[in-house]
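Working notes, beginning with the structure itself.
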Amino acid sequence: MVRLRKLALCAPLLAALALVGCASEGGGIQSQKLNGVKSRGKLLCGVDGKLPGFSFVNPDGSYSGLDVDVCRAVAAATLGDPSKVEYRDLNSSERFAALASGEIDLLSRNTTYTLSRDASGGNGLSFAPTVFYDGQGVMAPKAAGINSLKDLAGKPICVESGTTTELNLADRMREIKATYTPLKFQTGDQTYAAYLQGRCVAVTSDRSQLAAKRTSFPDPAGHVLLPEVLSKEPLTPVTVNADPGWADAVRWTIYALMQAEELGITQANIDTKVAEAKANPNQADLRRFLGVEGDFGKQLGLPADFVVQAVKAVGNYGELFERNVGQGSKLKLERGLNRQWSDGGLIYSPPFR
Amino acid sequence: MATPAVTPWWRNRRLIPWLVQGVAGLLVLVVVAFLVGNLVRNLTNAGLLLSWSWLRNPAGFDVSETLLPFNAELPYWRALLAGLVNTLRVVLAGLIGATVLGTLIGVAAFSSNGLLRRLARVYVELIRNIPLLLQLVFWYFVVFLALPGGEQAIQLPGVVLAKSGLYLGKPELINGVWQGQLRLTVEFGALLTGLVVYTAAFIAEVVRGGVASVPPGQWEASRSLGLTPLQTLQRIVLPQALRVIVPGLNSQYISLAKNSSLAVACGYSDLYSVAETTLNQTGRAVEVVLILLGSYLVIDLLISALMNGVNSWVQIKER
């Protein structure tokens, strides 16, 4: 009798334990977005699509660029295949609505990280790590003889509507007490077409974007960037606020690319590094990072080898930068602020621990 | 001997229509209540309850060529108002321009001059078969932005036509930028031209239909009384044609007002363009779209009311 009573007491306890077990099993898969991406087998990624170096369509119809590589890395980390991305070309006015409505899973479209876009009372977005530290610049034709912002007083300036640059321009011109005429266009194409037609004396945008667009001008050498930097423009991939699980998966995939550079892991040597980690139980840091031991992947709801998949797909952050916008590209941008923290830059991944 | 048969309720001619109407009305109410409830529930879940306090925050962006004075320190509602005034400006000018051009082309279809007749036909077929957005882009980027700028601008006494706009009243070149007492920008010019040219093609068809509805006997009778063709048109034909033309014009006018929201294609700061920037800066999508819907609805209803007034004025007065 006594035994039986004990058993009866144990039964509910056991049942409760089983339930708890189930709940913790499902810990990584509470994210609706992440599950959505997995069951769809495809990542919907919002990009610009017309910005050389960041996201543009190649002659063969494929996409490439820094922003595109972020999409590819996330697809590789979540689905194990960087090609499983469906791109949506969005203009600066459409992008947040597309994200909020769920039309895209991830917005990787040279978007500036700001308070009002992040805050729940504002746009209510969730920002991943910044992938490109930029600043707003102004470009003018060399022949116009414009050397500083002051020279633009009273003149028309072309700007894309719905951007932070539109607001910064208003602020800076107010500071120097200069009147000007903002000419706003919905798309980058219209903005630069109006500038090239001579409707505005100058065009303003992120310095990287100006440099990128200049490469497609008929006469790139005929246009100069003014030395002034109007603002800080940390360009950052974005997800919706409402899904922290998905935001974490994206965040740590991007950190993985940065951490890989710090550890000297490249697209070329990733397989040797994995073999090395497997063979050597003493390299605990490397083993955890590459998913040979531990459960980092599971905690994020991702496969254990998500870091390996991401680096295999696009290389580490440094490779990605040089290939798309750095010395390996037409843009030839300096790394500047986008160097690793250990080289005096701002690229810093928190520890994988 | 038999008691008069009482009509059962399901065959009652008075009750049934009421019942059917009542059920239909109830269904509509249920659907509307469901939709509104759904909207509110979803907005609440997404943390996006309607709020209008942001309208009083400073806008922080500039709007070019406003009739009302505007700068970045003024609140959002002032920015939206400035955009609305810009929209009204282009709609009003467009209505007048399209009516004049459309009437001329519509009447030209009845000209005794064969060349004029065919030109009117070609105009209508060419313009109404090309999308308006393409036409606006064409007018802005190909025609207006090809104008010479700076010192090469087209200069006539008191008038200067440059890449940046049309200047009237002692225009002068200051620091490489034209200044004048009265200025129309090329953005306004391109939008207005596009709207007028496009809508005129449709109005021309409405006018042609109206004039064609007047019996040929009226023309002949008028001629036999010794009236000139112009007098015939003015005194005999148009007053009768107007009864057919006015209702058709109404819908063309409304289209023009709605089409003005394509202004964003040629850089003109109309209500839609300002609202779009506002939406982006504030993230208040639902509220901004409601304001947009409301504004265009009011503009169109006003045009409609006006045209209904005109319509009852041109109708045959039955005494």
- Message: For the structure I just gave you, tell me whether B:Gly194 is within 14 Å of chain A (Cβ to nearest Cβ) and part of a helix (DSSP H, G or I).
- Response: no
- Query: Looking at (1) of a type in the set (A, V, I, L, M, F, W, C); (2) exposed (fewer than 14 other Cβ atoms within 10 Å of the Cβ); (3) within 14 Å of chain A (Cβ to nearest Cβ), can you tell me which one B:Phe188 breaks?
  - Reply: (2)
- Among the numbered criteria (1) under 22 Å from B:Gln252 (Cα atoms); (2) without any contact (Cβ under 8 Å) to a residue 40 or more places away in the chain; (3) surrounded by 15 or more Cβ atoms within 10 Å (Cβ to Cβ), which single criterion is violated by B:Tyr167? (1)
- Query: Among the helices (runs of 4 or more DSSP H) confined wholly to segment A:273-348, which include 3 or more residues that are among the aliphatic types (A, V, I, L, M)?
  - Reply: A:306-314
- Qualifying residue in segment B:33-49 (condition: in contact with a Lys or Arg (Cβ under 9 Å, 6 or more places away or on another chain) and within 13 Å of chain A (Cβ to nearest Cβ)): yes
- The condition of being without any contact (Cβ under 8 Å) to a residue 60 or more places away in the chain and not charged (D, E, K, R) holds, among B:Leu74, B:Leu88, B:Leu101, only for B:Leu74
- Query: Within the set of pairs 6+ apart or on separate chains, which have a first residue in segment A:118-131 that is of a type in the set (Val, Ile, Thr), a second that is not in a loop (DSSP other than H, G, I, E, B), and C-beta atoms under 8 Å apart?
  - Reply: A:Thr130/A:Pro234; A:Thr130/A:Leu235; A:Val131/A:Leu66; A:Val131/A:Asp67; A:Val131/A:Val70; A:Val131/A:Leu235; A:Val131/A:Ile254; A:Val131/A:Tyr317
- Message: Given the criteria in contact (Cβ under 8 Å) with a residue 60 or more places away in the chain, surrounded by fewer than 21 Cβ atoms within 10 Å (Cβ to Cβ) and either among the basic types (Lys, Arg) or in the same structural domain as A:Leu152 (by TED's automatic domain parsing) (or both), does A:Pro218 qualify?
- Response: no
- Note on the structure: Those residues of segment A:235-252 which are modelled with pLDDT of 95 or more, farther than 18 Å from A:Val68 by Cβ and touching an Asp or Glu at 6+ places or on another chain (Cβ under 9 Å) amount to A:Trp246
- Message: Tell me the residue from A:Asp134, A:Asp151, A:Asp118 that is more than 9 Å from chain B (Cβ to nearest Cβ), crowded, with 23+ Cβ neighbours inside 10 Å and among the charged types (D, E, K, R), please.
- Response: A:Asp134
- Residue check: is A:Gln259 touching a Phe, Trp or Tyr at 6+ places or on another chain (Cβ under 9 Å) and in the same structural domain as A:Ala143 (by TED's automatic domain parsing)? no
- Message: Tell me the residue from A:Gly53, A:Gly21, A:Gly27, A:Gly41 that is at pLDDT 90 or above and surrounded by fewer than 21 Cβ atoms within 10 Å (Cβ to Cβ), please.
- Response: A:Gly41
- If we keep just the residues of segment A:255-266 that are surrounded by fewer than 24 Cβ atoms within 10 Å (Cβ to Cβ) and among the aliphatic types (A, V, I, L, M), which is farthest from A:Lys298 (Cα to Cα)? A:Leu263
- Query: Would it be correct to say that A:Phe306 is touching a Lys or Arg at 6+ places or on another chain (Cβ under 9 Å) and either under 26 Å from A:Asp243 (Cα atoms) or at pLDDT 95 or above (or both)?
  - Reply: no
- Within the set of pairs 6 or more residues apart or between chains, which connect a residue that is more than 14 Å from chain B (Cβ to nearest Cβ) inside segment A:86-98 to a residue that is in a loop (DSSP other than H, G, I, E, B) and among the hydrophobic types (A, V, I, L, M, F, W, C) with Cβ atoms less than 8 Å apart? A:Arg88/A:Ile104
- Taking the options B:Gly248, B:Gly210, name whichever one is modelled with pLDDT of 90 or more, surrounded by fewer than 20 Cβ atoms within 10 Å (Cβ to Cβ) and out of contact with any Pro (no Cβ under 7 Å at 6 or more places or on another chain). B:Gly248
- Query: For segment B:66-104, which residues satisfy the criterion of being within 14 Å of chain A (Cβ to nearest Cβ), within 17 Å of B:Tyr268 (Cα to Cα) and surrounded by fewer than 18 Cβ atoms within 10 Å (Cβ to Cβ)?
  - Reply: B:Pro69, B:Asn71
- Message: I'd like to check which helices (runs of 4 or more DSSP H) are fully inside segment B:216-294 and have at least 1 residues that are within 11 Å of another protein chain (Cβ to nearest Cβ) and under 17 Å from B:Phe61 (Cβ atoms).
- Response: B:271-282
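The values are calculated or read from the model by the stated rules, or taken from the named source; none is laboratory data. In this text, all values refer to a predicted model and were calculated from it rather than measured experimentally. Glycine gets a Cβ as well: all are built from the backbone with ideal geometry, and neighbour counts include every protein chain shown.
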